[in-house]
Amino acid sequence: MNVIIMGGQLLLALSILVILHEMGHFLAARAFGIKVEKFYLFFDAWNFSLFKFNYKGVEYGIGWLPLGGYVKIAGMIDESMDTDQMAGPPQPWEFRSKPAWQRLIVMLGGIFVNIVVGIFIFWMMTVKYGESYTPNSAIKYGVAPGKIGTKIGIKAGDKIYGINGTPVERFDEVISAKVLLNSTVLNVERDNQKLDIPIPKSILNDISDYGISEFVMPRSKFSVQQVTPKSNAQKAGLLKGDSILAVNSTPTVFFDQLQGELTKNKNKQVQLTVKRHNDVLNLNAQVNNLGQLGFMRTYDLPVEKTIRYSFFSSLPVGANKAMNMFKDNAKGLGKLFTGDVNPRKAVSSPIGIAVLFGAEWDWVRFWGLTGLLSMVLALMNLLPIPALDGGHALFLIIEMIKGKPLSDKFLERAQLVGFVLLISLMVFAFGNDILKHIVPK
């Protein structure tokens, strides 16, 4: 059932974005009097479609191969590879008969719509939910580093007060692309001393392996919220509301301290010092092989602040979020080419994307991820790879500079090369996600 929910959310999000993207091409083509022959969600490979109908000379349909969608524009060398049509003389209603600047607008129409859709989604989310953040001043106990934070030198209780010498107002900045994608130095206060901790360029590899929660989180106190039935915690006598003050006399006031002590004592019996109401008790408990006792906990986390905006003042806030996502993904893509990020850790297929949606249908998360995907699709389609919009745009720009079009034979071969590249990338991405999410480590 979980797989169906995750897959269903991904399918809905991509269907919305693909239809709108292709509509961008469709409307631009029609605006310049170019004939559009097909408008498809998914590909009707070998001319097989699940559903289709004709309206005003255009065949609309749903293909069986869920790898995107397309509009077939008359007189254009595209994924249909309709060379028979190209063999005849150019017609005034064909793509190839129009000025290069008009054809360029048609090719960039889908990218433009994806950017507009991304901005619109984040605009509407800002209107409804405002902008929430955790004030850095509210992180009263400092941070608790995970595996990644510990690796780069952050210690429990450190207070991060600046990034590259600029004061941090929102804790969210610390775990944002601002830190992870740039040559960043964290300004830290530890035991009344100020230190600078550089962020390695390869940190995204570790984030991919362990998740952002293993970087840094606000340090928190805790208490037992719920004891798991038949667990070692229940056998030891832990109750809701208990606070574990120590493990084998080692203080565990903060949850990261408890995690550390339990990890040290996997498969061992420990003595817990527990505060229950006004009493302090000693309980003996068995730690399992995962370093757990078996209870859910409450968090003593700082309260978030929410800024509310009017309908129109939400627009620049939403647009800024969308464009920052575009720029951050571009920087991340750049790190693939510089070697700072391992492609095996950064490239995901629909399998990896579906996992992000989660096993529960959450509309806030759904629209947030859909907005993100819209900006990612805009960026990916802008890449100058043959068979993508960016490839077509590049050839049109070359034509405008040269003053004459590239040959049909060259464009056909470029389309095939681009198609092979995209299929190879898809195979790599699927194989990568199968290894990460299906095959046990």
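When R344, R365 are checked against the criterion of being open to solvent by 50 Å² or more (accessible area, probe 1.4 Å), modelled with pLDDT of 90 or more and of a type in the set (K, R), a single residue qualifies: R365. Against the numbered list (1) outside any helix (DSSP H, G or I); (2) small (G, A, S); (3) under 13 Å from L108 (Cα atoms), G391 comes up short only at (1).
Among the residues making up the range 176-186, those that are buried (at least 17 other Cβ atoms within 10 Å of the Cβ) and of a type in the set (A, V, I, L, M, F, W, C) are V179, L180, L181, L186.
Inspection of the range 309-323 finds no residue satisfying the criterion of being within 23 Å of M217 (Cβ to Cβ), touching a Lys or Arg at 6+ places or on another chain (Cβ under 7 Å) and not polar (S, T, N, Q).
Could you give me the residue pairs with C-beta distances under 9 Å whose first residue belongs to the range 1-16 and is closer than 18 Å to S374 by Cα, whose second residue is surrounded by 14 or more Cβ atoms within 10 Å (Cβ to Cβ) and hydroxyl-bearing (S, T, Y) wherever it lies, and which are 6+ apart or on separate chains? Between residues of the range 1-16 that are closer than 18 Å to S374 by Cα and residues that are surrounded by 14 or more Cβ atoms within 10 Å (Cβ to Cβ) and hydroxyl-bearing (S, T, Y), the close pairs are Q9/T370; L12/T370; A13/T370; A13/S374; L14/T370; I16/T370; I16/S374. Residues of the range 391-406 that are free of Cβ contacts under 8 Å to residues at least 24 places away in the same chain and either small (G, A, S) or open to solvent by less than 30 Å² (accessible area, probe 1.4 Å) (or both): G403 alone.
For every residue, the table says whether it meets (1) free of Cβ contacts under 8 Å to residues at least 24 places away in the same chain; (2) more than 30 Å from I398 (Cβ to Cβ).
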position: V116; (1), (2): yes, no
position: F122; (1), (2): no, yes
position: M125; (1), (2): no, yes
position: S132; (1), (2): no, yes
position: A138; (1), (2): no, yes
position: V143; (1), (2): no, yes
position: T150; (1), (2): yes, yes
position: G153; (1), (2): no, yes
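Restricting the range 187-203 to residues that are in a strand (DSSP E or B), open to solvent by less than 30 Å² (accessible area, probe 1.4 Å) and hydrophobic (A, V, I, L, M, F, W, C) leaves a set whose member that is farthest from I139 (Cα to Cα) is I197. Among the strands (runs of 3 or more DSSP E) confined to the range 62-175, the ones with at least 2 residues that are modelled with pLDDT of 90 or more and open to solvent by less than 20 Å² (accessible area, probe 1.4 Å) are located at 65-73, 143-145, 159-163. Scanning the range 368-390 for residues that are surrounded by 16 or more Cβ atoms within 10 Å (Cβ to Cβ) and more than 16 Å from the chain's Cα centre (by Cα) yields N381, L382, I385, P386, A387, L388, D389, G390. Hey, does the range 230-239 have a residue that's open to solvent by less than 60 Å² (accessible area, probe 1.4 Å) and within 36 Å of the chain's Cα centre (by Cα)? Checked the range 230-239: at least one residue is open to solvent by less than 60 Å² (accessible area, probe 1.4 Å) and within 36 Å of the chain's Cα centre (by Cα). Just one of (1) open to solvent by 30 Å² or more (accessible area, probe 1.4 Å); (2) in contact (Cβ under 8 Å) with a residue 40 or more places away in the chain; (3) charged (D, E, K, R) fails for D206. It is (1). The set of residues from the range 311-333 being within 16 Å of the chain's Cα centre (by Cα) and open to solvent by less than 60 Å² (accessible area, probe 1.4 Å) comprises A322, N324, M325, F326, D328, N329, A330, G332, L333.
Scanning the range 33-47 for residues that are open to solvent by 50 Å² or more (accessible area, probe 1.4 Å) and part of a loop (DSSP other than H, G, I, E, B) yields a count of 1.
The sole residue among V253, V287, V274, V270 that is in contact with a Gly (Cβ under 9 Å, 6 or more places away or on another chain) and either surrounded by 15 or more Cβ atoms within 10 Å (Cβ to Cβ) or under 21 Å from P218 (Cα atoms) (or both) is V274.
The values are calculated or read from the model by the stated rules, or taken from the named source; none is laboratory data. A quick note: this is a predicted structure, and the numbers were derived from the prediction, not measured. Glycine gets a Cβ as well: all are built from the backbone with ideal geometry, and neighbour counts include every protein chain shown. Areas reflect the complete protein model, heavy atoms only, side chains present, ligands, DNA and RNA absent. Shrake-Rupley method; radii C 1.70, N 1.55, O 1.52, S 1.80 Å.
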